[in-house]
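Everything below concerns the one structure shown next.
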């Protein structure tokens, strides 16, 4: 899309993590030019989920979908020249963004495993791993102080 990634991220941050219905309502009332394109992209993703459930036989509950991942990355930059006074030329850059949108079912991952529970379990294991790594390290010895007694 021909919009800067920074401007697109402002809109994508509004819908990240929300249910699909809430995201569509938010996009409908957002006063940014990129919101219409993001809404079109979101509707396309919903239709892809409908296609998977109807034609491919994959069990997808469209009512429980939410926006799992939404990102705007840099695309190729178009370098342009604007005429300037006294025969000079000013260069400017027209930025392009690549929009990514991932939908997922609440409580499920792609393999059908509980997504929310899996993320919470991974977060709970992270401090335990750090403790195990720290336990393997040698304890620091006593520091010798140099000076008058």
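For the residues 63, 74, what sequence is obtained by ranking on other C-beta atoms within 10 Å, fewest first?
Going from sparsest to densest Cβ surroundings: 63, 74.
Fewest first, what order do 92, 66 take by the number of other Cβ atoms within 10 Å? Walk me through the intermediate numbers first.
Working: 92 9, 66 19.
Ordered by Cβ neighbours within 10 Å, fewest first: 92, 66.
Would you mind ranking 44, 97 by Cβ crowding within 10 Å, fewest neighbours first?
Exposure proxy ranking, most exposed first: 44, 97.
Where a number appears in this text, it was derived from the coordinates with a stated rule and is not lab data. Nothing here was measured: the structure is a model prediction, and the numbers come from that model. Here the Cβ is made from the backbone with ideal geometry for all residues, glycine too, and neighbour counts use every protein chain on show.
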